[in-house]
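K.L.:
Below you'll find the structure I mean.
The values are calculated or read from the model by the stated rules, or taken from the named source; none is laboratory data. All values derive from a computational prediction rather than experimental measurement. Positions of Cβ are backbone-derived with ideal geometry, glycine not excepted, and every protein chain shown enters the neighbour counts.
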Amino acid sequence: MPCGKTSLLSVCLGLALLLGALPLKAEETPAPLTMEKAVEEGLRANQGIQAAQSAMARAEAALKAAWGALLPRVDASYSRNRIHNDSEASERDADYLNQHTTTWTINLRQPLFYGGALVNQVAKARLERTRQKLLLRQTQVDLASDIRQTFVNILWYRAAARAYATSVERLRGHLQAAQAFFQVGEKPWLAVLEAQVDLAEAEQNLAKARNQERVFTVKLQSLLGRSTEEDAHFAGELADFVGEFPYSREECIARANALRPDVRALETMAEMADKDMRIAASDALPRVSLNLGYTDQNIDYDNYPQAEVDRQYVSGGIQLQWNLFAGGQTYQEVQQARHDKDRLIAKRDEARTQARSEITQFFLEMQDARSRMDVAKASMASAQEAFEMAEVRFKTGEGTATDVLDAQTRVVNAELSLARARAEYLQAQFALLRSVGVLNVNEIYSFPVAED
C-alpha cells in the first residue's frame, strides 16, 4: 500500500507540473494584412476620415436648421409688475394706483416672403452638405492612394532586402572561396580584400533596405489608425498586383471630369456662390411676415378689489419691412458673390486641366515602367547565367574575383531593376486612380456620378 500511495502521488505531481508548464492562452499572431484589407481598415479607422464624417454630420444639422427658419416661430413670455403710489388718494388714473399686474403672452411669427432669402439659404445648406460629402469622398480617395503607395514601398524595400540578402549569402561564399584559394597560393590577398569590401557594401545595402521597410511599415500603421508599436505583417508581392490597366487615357480623363471629387466640390461651391448672390439681392426686396398673439393679463388693485381687471385678447396682423436704401451695400454684396462664382468656375476649369495633365503623366509613367519590366525580366536570366559561369571560371582558375563580383553586381542590379519597375508601375497606377477620383479600378465605370 505505501508503494501504491507513492506511485499515485508521483503521478499527480507529474500532471500538476505538466499542466503548470502549459501556457494559459496561446499567443495570437496577427494575421497578414493584404493591400485591399489595409484600405478597408484605413477607411474605417483613420482619423482624417472620422473628421470628414463629423464635418458632413455638421452640414446635415445646418441643413435642418435652415429648414427650421421657414417654419413658424413661437415664443412665450411672463411678467409680474408692482406699482406703489404714495399719492394714491389724489390719483385719478387707474394705471397708477397701487397694484400687481401679471401678464402671460404667446406670440407666433410666420415668414411669408423674405425676398427668396430663406429658400436660398436652404438651397445653399443643401449644397454645403453635398460639398462635405464630396470632401469626404476626396479624403477617402487620397487615403486609399496613400495606403496603396505606402504598401508598395514596403513591398519594394522587402524585395530589395531579399535581393541584397541573396547577394550577401553569395558574397560570403565567394569570400570563403577566395580565402581558401589564398591559403593554397592560387589567389592573391587582393582577391580576399575585394571580396570583403563587396560583402560589407552588400550588408550595408541590406540594412538600409530593411530599415526603410520598417519606416514605411510605421507610416502605414499610422494611416490605418493603428499604434506604431503594434506588430503588423503586410502580405503580398509586387508581382501580385502588376497587370494590364483596362482603360485608355481618354476614358480616364472623361471619368475624371465626371467623378473627381475636388472638381465637383468646386462646381458645388460655384452654385453656393450663386445662392449667396441671390441671398444678397433679397435685401432689396420687401419682407412680409404674419404675426399672431395671445395675451392673458390680470391687474389686482390693493385698495379697489372691485375694480380688478382680468382680460384675455388675441392680436394678429401682417408686417411688411422694406429696406429702401442701404448705401450701395446690397449691390456690392451681389457683385462680391458674382466675382466669387466666376473665381470658383475658373478654379474648376483649372482643376480639370490639371487632372488631364496628371492622367497623361501617369499613363506615360506606366508605359515606361512596363517597358522596363520587360527588359529587366530578360536581363535577369542573362545576368544569372553569367554569374554562374563566372563562379565556375573563378573556381577553376580561369577567371578573376573581379569577374565574379561584377557578375554578382549585375544579378542584383537586374533583380532590383525588375522590382523597381514593378513598384513604379504600381505607384503610377495608384496615383492615376487618385487623379480620376476613384478608390479602385472597378469604380471608374461603376461608381455613380450623382450624389444627393
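K.L.:
Going by the conditions given, is Ala163 among the hydrophobic types (A, V, I, L, M, F, W, C), over 26 Å from Gln204 (Cα atoms) and surrounded by 19 or more Cβ atoms within 10 Å (Cβ to Cβ)?
P.N.:
no
K.L.:
If you go through the stretch 56-111, how many residues are free of Cβ contacts under 8 Å to residues at least 60 places away in the same chain, outside any helix (DSSP H, G or I), closer than 18 Å to Pro305 by Cα and not charged (D, E, K, R)?
P.N.:
4
K.L.:
Suppose the filter is surrounded by 10 or more Cβ atoms within 10 Å (Cβ to Cβ) and outside any helix (DSSP H, G or I); does Leu320 pass it?
P.N.:
Yes, satisfied.
K.L.:
Return only the number of the condition from (1) touching a Leu at 6+ places or on another chain (Cβ under 9 Å); (2) under 30 Å from Ser282 (Cα atoms); (3) of a type outside the set (Gly, Ala, Ser); (4) surrounded by 18 or more Cβ atoms within 10 Å (Cβ to Cβ) that Asn120 does not satisfy.
P.N.:
(1)
Every residue, every condition in (1) under 24 Å from Gly116 (Cα atoms); (2) outside the structural domain of Ala94 (by TED's automatic domain parsing), yes or no:
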position	(1), (2)
Ile279	yes, yes
Leu292	yes, no
Thr295	no, no
Gln312	no, no
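K.L.:
Are any residues in the stretch 177-193 surrounded by 18 or more Cβ atoms within 10 Å (Cβ to Cβ) and charged (D, E, K, R), and if so, which ones?
P.N.:
Selection gives Lys187 alone.
K.L.:
Restricting to the stretch 365-389, what's the tally of residues that are under 36 Å from the mean Cα position of the chain (by Cα) and either of a type in the set (Asp, Glu) or not in a helix (DSSP H, G or I) (or both)?
P.N.:
Looking only at that region, the number is 3.
K.L.:
Among the residues that make up the stretch 337-346, is at least one of them in contact with an Asp or Glu (Cβ under 6 Å, 6 or more places away or on another chain), closer than 29 Å to Glu250 by Cβ and basic (Lys, Arg)?
P.N.:
no
K.L.:
If you don't mind, another one. I'd like to verify a number: residues in the stretch 136-187 that are under 21 Å from Phe216 (Cβ atoms), of a type in the set (Lys, Arg) and either touching an Asp or Glu at 6+ places or on another chain (Cβ under 6 Å) or at pLDDT below 80 (or both), how many?
P.N.:
Matching residues across the stretch 136-187 total 1.
K.L.:
Also, quick follow-up: Out of the stretch 167-201, which residues are closer than 22 Å to Ala414 by Cβ and in contact (Cβ under 8 Å) with a residue 40 or more places away in the chain?
P.N.:
Ser167, Arg170, Leu171, His174, Glu194, Ala195, Asp198
K.L.:
Only one of (1) closer than 30 Å to Gln138 by Cα; (2) crowded, with 17+ Cβ neighbours inside 10 Å; (3) of a type in the set (A, V, I, L, M) fails for Ala383. Which number is that?
P.N.:
Tallying (1) closer than 30 Å to Gln138 by Cα; (2) crowded, with 17+ Cβ neighbours inside 10 Å; (3) of a type in the set (A, V, I, L, M), Ala383 fails exactly one: (1).
K.L.:
Looking at Ala235, Ala239, Ala265, which is the one that is surrounded by 20 or more Cβ atoms within 10 Å (Cβ to Cβ) and either within 30 Å of Ala160 (Cβ to Cβ) or outside the structural domain of Thr102 (by TED's automatic domain parsing) (or both)?
P.N.:
Ala265
K.L.:
What do you reckon, is Phe113 of a type outside the set (Lys, Arg), out of contact with any Asp or Glu (no Cβ under 9 Å at 6 or more places or on another chain) and within 30 Å of Val242 (Cβ to Cβ)?
P.N.:
Judged against the criteria, Phe113 is not a match.
K.L.:
Now a separate question. Criterion first (of a type in the set (A, V, I, L, M), surrounded by 14 or more Cβ atoms within 10 Å (Cβ to Cβ) and free of Cβ contacts under 8 Å to residues at least 60 places away in the same chain) does Ala376 satisfy it?
P.N.:
yes
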